[in-house]
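What follows is a single structure, written as C-alpha cells, with notes after it.
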C-alpha cells in the first residue's frame, strides 16, 4: 500500500528536518578552543585577566528558591557594580525549590539550552548524575587563573567532597559544611517532668525513660506528641549509627565518636547490621507505646507540630545556632542535644553548589563571577539582602529591616546563594556567629571515605530498582509505623534480590581502587 | 503511471477538503512528527555535549535494551504489569458502562431543570486535583477519626485499618475513579445521543415499543460506533495509569503496594529527583509499543465485524 | 425544497419554547421510574459536590480551628482572612487569572477549529486520502518524541519561550477528538444531506459552515468543554516555558503549592532540615491553599452552563423534529 510507504517517508522527512532545524537554530555556535576559555592561555597562569581588556558579557544564572520581592531592583544595582568590576551583566533566574527546580533544570540541561551558571547539589539538579554525564565544565584548570579567591576561601577538604575522578565540576557554597544529627528538645516539657535533657544524646535508654515520663502529658493534652522523629538513618544519612553510607543503604563502618577508629573499608549493607535492627526495635517499642504521632498516615508537612508547640523530642539536622533562631520565631524555648560529633561527609559537602554549564560560551567569565560572589561582601550582600536603604538598613554594621513589612523586604533562600560568611549579621544575631561557624566546620570528624563517589555505570539498573524499594519502605520504617521484625527482613530480602551483592562487589572494587589513588 | 495520474486527479478534485485539513496536517507535522526522533534516546547511554541535544543524542553510545532492564529486573515486575493492565481494563469497561448508564438516566428524566442541575454537579469531581481527592479519601478512611470507622464503631463493629490492608484497595481505587470520571465522561455520550434522529423513536412508539425496548433496540445500537472507537482508543493506554490515583490516594504506603503499584508509580519511585531522562523515556516507549500492538489487533477485530466502526 | 434547506429551517426553530410532551406518549418514562432515576442520580450528584463544599468551608475558616477540629463540612469560626491574604499579598492572582482566561478562550477556539476541520474530511466517504490522514493522525497518538525534543521545537524552532502561545500551542489539536468528531459526524449527519447540498451547488466550505457545524453543536460544545477544562487546568507548560511572572497562569500557582507538599512528604527522609525548613516556611496556610483551590475551580465550573446550553439544545432539536 502506497499510503503506508508514505507514512514511513514522512517520519524520515521529519527526522531530517528536525536535524537541520535544531542544528541551525542553536543560537550560540560553539566557540573554538575546548572546555576552558582558550583565549586566555597565553597569559601566565595564576594571574587574573585585566578587566579593561575584557568585553562585556551576559551571564545567565539559574538559582533555586522563589524569586524574592524586589529582585529586579537588586539586579539593576548589582549589575552597575559588576559592570565596573568584571564587565558582567547578570541575568538571575529563580525557580522554586522542590519538584519544579528539578524538572525545569533537567529539561534545560539535557536539551542543551544556553545558560552559564546553575545551582546543583546532591538533592536538587542532581550533581552526581549530571556531572558524570558531561553537563558541567571541569573547573580545575581554570581555577588558579579565574578563581584565585575561591581556592583561598574554600579549603581543600571541601573541594574534595564534590571531586569526581579528580575533577571538580562545581563551586561549593560555604555554609555549615558538616552534618550533625541532634535532638531538638522542647525545654518546657523537660522542665515540667524534671528531665535532664542534656544527657539524652549519650544513651538511647535515657531517651526511652524520658519519653515514658513525659508521655503522662497525653492525659492532659490528647494532642501532645512525645517524639516526632529520631535520627535512625535513611537516605540522607544523618544518623547516630556507627556507619558511613556510600549510596544508601550501602556503606562502611565508621564510629565518628571514636577519634582513633580504624576503618576497615569493607562495604556492607547497613540495613543488615545489628545496630540498625536494635535501634529499629527500640523505636518500634516507642511507637507501640504511643509516643509517636498516633496518626502517622495523616498528611504531615511537619509544620503544625512546631507551631502548636505540643511536642517534646524531634530529630533535626543541625545548623549553627538554629536553636536560637527557632526559639525566637516559635516563641518557646528549643534546645539541641547532639547525638554524635559533627561529621564532614560527601553529602554534607555537596548540599549547595554552583556549576558552570558546558554550553556556556564564557565559562571563564562565569567563574570570575563565582569568584566574586564568594569573596566580595558587596556582591554577596546584594544577592542576599537586596539594596541597602531600599530593602534593609545597616545599623552599626548589622542588618535592620526597620518597620518594613515582609513584602517590602528582599528575602531569598539565603543559605544556597554563596559564601555565607560574607553576610552581614542580622540585628538579633550573636557577634560570634561566624566564629562559631568556622569552629563548627573545622572541628568536624572527617568521614574516612570523604570524596569517594561511585560511578553508577555498571550498576545503574540495580540502583534504580533499589531506589524504588527504598522509597517504598523508609517513610514508615523509621518511625516504627511498621514492624521491623517483619518488614526489615522483607526490605533486606528485596534489596538482595534487586542485586544487592552485585552492588556491594562493585562498590568494594571501586572503593579499593580509590584507596589506591589516595 | 496510472497510479500517479490517479493520485494527481484525486488531489486536484479534493483541494477544498485538503485545504480544510491543511492546518491540522501542518500542526501535526511540526509538533508531533519533528520531535519523534527523540524516541531513540531510549536505546542510548545519553551524554550531554555542548553542541546541543541532537548532537549529544547522535554521539551517545547505543546500549540496546539496557535502559529497559529496570522495569523487568524488579521482583515486583509481575505485580506491576498485572496491576497496570488489570486496572486499565477494569476502569475502561466499568467506566464506560457507568458513563452510558448515567447519560441514559439523564436523558430520560422528565424535568429538564433538575437534569441541568445534576449535570452541573456530577462534573465537579473532575475539577479537583488528586491531592485534594486523596485528602478527601483520607477523611473517610482515616484509622481513628475517619468517617467510615466512626460509623462502624457507632454500629458496634470493629474498626478497619484501611491503609494497612491491600485487599480493600482495588475497590477503593475503582470507586474513586468512577466517582471522579463518570459525570464528565457521560457528557460525551449524552451529546452523541442528542444527535440521533428522533423519528426512529417515534416510529418505534407507533410499533408499540416500550421505553426499555427503545433503549436496547435503538439507542444502544446507534451508540455502537462511538463505543467501539472509545474502546479501541482506550486500549492504547493499557500500560498507562493515573499517577495521582495510585500514588497520592493510597499515600505511598508500602503495605498497599501489592494492590497499588503500577508502572508510573514504580518509575517515579525509582527515578525520583534523579535527573535521569532516559529510563522514563524507555518506559514510555514500551507503553507506546504495547498500546500500538493492542490497538492494531482491536481495530482488526472490529473491522472484521463491521468495517464502519473501525478506526482506520 | 432540498433536504438541506429543510434542515436549516428546523435549526431556526430551536429558539422556540419546547412543546410539552403528553403523558404516556411512549417517549417519556413513567413517573415512578422518574423518581427512582432522580434518587440515583441525585445521590451521585450530592456525593460529587460534598468534597468541594468542604474545601469551600475550610477556606472560610479560621486557621486555628482547622488544626483544632480537623476537617469538617461546617465550621463555626467564619473568617475571610484566607481570601484577604490571597487577594492582597500581591497582584499576581489578578494577572494570573487574566492569563488563564486568555489562554482558555484562545486555546479552545483554536482547538475547536483545528480539530473539527481536520475531522470533517475524514468523515467524507468520497475523500480518497481519508485513510492516510487517519493513520497520519493516529500514529502521533501512539508515539511521541518525549519532553526534550518537544521542548526544542517549541523554543528553538518556534521561539515560543516566554510567550502566551507556549501555553496554547501544545493543546491546539486533539488527536483523540479527531476520531470522536469523525464518528459523531458519521452517526448524526447522513451523507445524503451533503449530497443534496452539493447538487444545490454548495461549496465544501459552505456545507461545512452551514450544515455540518450547526448540526454538530452538541459535540462541539462537549469538545469545547473538555478543551477549556484542559487549558484551564494546564500548568506544566508554564513550568517549562514561562519565566515571566506576568505570564504565569492561575493553575500553576495552585500546583506549585500542591507539588511542594507532595515533595515534602516524599522526601522527608532524604532532605536535610535546612531544605525542609525552607520549603515548609514557603507553604501557605491550609485555609489559603483551599481558598486558592476555590478560586481556581469556580470560574470554569461556573462557565459550564454556557456549554451545557448546547447539549440541552441538542435534545430540544430532537423533540421539535417530532
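The values are calculated or read from the model by the stated rules, or taken from the named source; none is laboratory data. Nothing here was measured: the structure is a model prediction, and the numbers come from that model. Quick reminder, even Gly has a Cβ in these numbers, built from the backbone with ideal geometry, and neighbours come from all protein chains shown.
At-a-glance table
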| read-out | value |
| --- | --- |
| Residues satisfying the stated conditions in the range A:415-430, i.e. modelled with pLDDT under 90, out of contact with any strand residue (DSSP E or B) (no Cβ under 7 Å at 6 or more places or on another chain) and either outside any loop (DSSP other than H, G, I, E, B) or closer than 30 Å to residue C:87 by Cβ (or both) | A:415 |
| Selected residue (only one of B:123, B:218 is under 30 Å from the mean Cα position of the chain (by Cα), touching a residue at least 40 places away in the same chain (Cβ under 8 Å) and surrounded by 14 or more Cβ atoms within 10 Å (Cβ to Cβ)) | B:123 |
| Sole exception among (1) without any contact (Cβ under 8 Å) to a residue 24 or more places away in the chain; (2) more than 27 Å from residue A:326 (Cα to Cα) for residue A:167, by number | (1) |
| Helices (runs of 4 or more DSSP H) (entirely within the range B:1-80) containing at least 2 residues that are surrounded by 14 or more Cβ atoms within 10 Å (Cβ to Cβ) and away from chain C (no Cβ under 13 Å) | B:69-73 |
| Checklist (1) within 11 Å of chain C (Cβ to nearest Cβ); (2) modelled with pLDDT under 90 applied to residue B:281, failing item | (2) |
| Of residues in the range C:92-119 being surrounded by fewer than 19 Cβ atoms within 10 Å (Cβ to Cβ) and farther than 25 Å from residue C:220 by Cβ, the one nearest to the other protein chains (Cβ to nearest Cβ) | C:92 |
| For residue B:263: the one exception among (1) more than 16 Å from the chain's Cα centre (by Cα); (2) buried (at least 17 other Cβ atoms within 10 Å of the Cβ); (3) at pLDDT 90 or above | (1) |
| Residue within the range C:120-141 that is closer than 30 Å to residue C:254 by Cα and either at the interface with another protein chain (Cβ under 7 Å from one of its Cβ atoms) or crowded, with 21+ Cβ neighbours inside 10 Å (or both) present | yes |
| Meets criteria (on the phi < 0 side of the Ramachandran plot, in a helix (DSSP H, G or I) and assigned by TED's automatic domain parsing to the domain that holds residue A:413) for residue A:160 | yes |
| Sole exception among (1) buried (at least 21 other Cβ atoms within 10 Å of the Cβ); (2) more than 10 Å from chain B (Cβ to nearest Cβ); (3) at pLDDT below 90 for residue C:167, by number | (3) |
| Residue C:254 vs. criteria surrounded by 20 or more Cβ atoms within 10 Å (Cβ to Cβ) and touching a helix residue (DSSP H, G or I) at 6+ places or on another chain (Cβ under 7 Å) | yes |
| Residue match in the range A:345-366 (condition: in a helix (DSSP H, G or I) and within 20 Å of residue A:412 (Cβ to Cβ)) | yes |
| The lone exception for residue C:174 - which of (1) within 30 Å of residue C:98 (Cα to Cα); (2) without any contact (Cβ under 8 Å) to a residue 24 or more places away in the chain it fails | (2) |
| Yes/no for residue B:156 being part of a loop (DSSP other than H, G, I, E, B), at the interface with chain C (Cβ under 9 Å from one of its Cβ atoms), surrounded by fewer than 20 Cβ atoms within 10 Å (Cβ to Cβ) and on the phi > 0 side of the Ramachandran plot | no |
| Condition check for residue B:138: under 18 Å from residue B:176 (Cα atoms), assigned to a helix (DSSP H, G or I) and under 24 Å from the mean Cα position of the chain (by Cα) | no |
| Selection count where residues are at the interface with another protein chain (Cβ under 10 Å from one of its Cβ atoms) and either closer than 18 Å to residue B:197 by Cα or under 28 Å from the mean Cα position of the chain (by Cα) (or both), scope the range C:172-211 | 20 |
| Unmet requirement for residue B:179, which otherwise passes all of (1) in a helix (DSSP H, G or I); (2) within 10 Å of another protein chain (Cβ to nearest Cβ); (3) at pLDDT below 90 | (3) |
| Matching residues, the range B:264-289, being in a loop (DSSP other than H, G, I, E, B) and within 15 Å of residue A:107 (Cβ to Cβ) | B:273, B:274, B:275, B:276, B:277 |
| Selection status of residue A:319, under 30 Å from residue A:425 (Cβ atoms), under 28 Å from the mean Cα position of the chain (by Cα) and either more than 14 Å from chain C (Cβ to nearest Cβ) or at pLDDT below 80 (or both) | yes |
| Qualifying residue in the range A:381-391 (condition: out of contact with any helix residue (DSSP H, G or I) (no Cβ under 9 Å at 6 or more places or on another chain) and outside any loop (DSSP other than H, G, I, E, B)) | no |
| Condition check for residue B:221: more than 10 Å from every other protein chain (Cβ to nearest Cβ) and farther than 22 Å from residue B:89 by Cβ | yes |
| Residues (crowded, with 20+ Cβ neighbours inside 10 Å and farther than 21 Å from residue C:38 by Cα) located in the range B:89-102 | B:91 |
| In the range A:128-157, the residues that are within 12 Å of chain B (Cβ to nearest Cβ), part of a helix (DSSP H, G or I) and buried (at least 24 other Cβ atoms within 10 Å of the Cβ) | A:130 |
| Matching helices (runs of 4 or more DSSP H) fully within the range A:431-515 where at least 1 residues are within 30 Å of residue B:251 (Cβ to Cβ) and at the interface with chain B (Cβ under 10 Å from one of its Cβ atoms) | A:460-477, A:484-497 |
| Residue match in the range C:226-246 (condition: assigned to a helix (DSSP H, G or I), within 19 Å of the chain's Cα centre (by Cα) and closer than 23 Å to residue B:219 by Cβ) | yes |
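So that you can scan it fast, the table gives a plain yes or no per residue for (1) out of contact with any helix residue (DSSP H, G or I) (no Cβ under 8 Å at 6 or more places or on another chain); (2) assigned by TED's automatic domain parsing to the domain that holds residue B:291:
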position: B:2; (1), (2): yes, no
position: B:12; (1), (2): yes, no
position: B:23; (1), (2): no, no
position: B:49; (1), (2): no, no
position: B:54; (1), (2): no, no
position: B:59; (1), (2): yes, no
position: B:87; (1), (2): no, yes
position: B:92; (1), (2): no, yes
